[in-house]
Amino acid sequence: MNSQPALFRMLVLGATVLATTCVLAQEPKAPPPDNTKVNQRDRDSSQATADQQKENANDKTLVRQIRQALVKDKALSTYAHNVKVISQGGQVTLKGPVRSQEEKRAVEAKAEQIAGEQNVTSQLEVAPPKQ
């Protein structure tokens, strides 16, 4: 008689494992990230990339001030805190993903306040929502 409760527990455990496996197998998989377009864009020599930034004091100061303003704003996402800020001869380029249009505008506004509206080029992109 003692074997019946043990058998029952094993059947319940087996059914639970089977059900869990079926549920996990049905979950849609997210497509793999594809940065091909971004990588092709950044290979173009006319596009600003971080390695092209000059080491002059003005450009370094602009980048530092913009980066500090972004990181200081705790309302921004980690994405926004990590956008690329590139300055070449006082011309600032912003690149990378942000979480929303509002966040994109906030990042651009901070850069424009520091570098001047006419000196900022935005290549920011709104990332797809988290899944």
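Side notes on the structure shown:
- Note on segment 106-131: residues that are without any contact (Cβ under 8 Å) to a residue 40 or more places away in the chain and β-branched (Val, Ile, Thr) total 3.
- Residue among 26, 91 that alone is more than 18 Å from residue 129 (Cβ to Cβ) and modelled with pLDDT of 90 or more: 91
- Residue that is modelled with the highest pLDDT [pool: residues in segment 43-74 that are outside any helix (DSSP H, G or I) and touching a helix residue (DSSP H, G or I) at 6+ places or on another chain (Cβ under 8 Å)]: 73
The values are calculated or read from the model by the stated rules, or taken from the named source; none is laboratory data. Here the structure is a predicted model, which is why all the values come from computation and not from measurement. Positions of Cβ are generated from backbone atoms using ideal geometry, with glycine treated the same way; all protein chains shown enter the neighbour counts.
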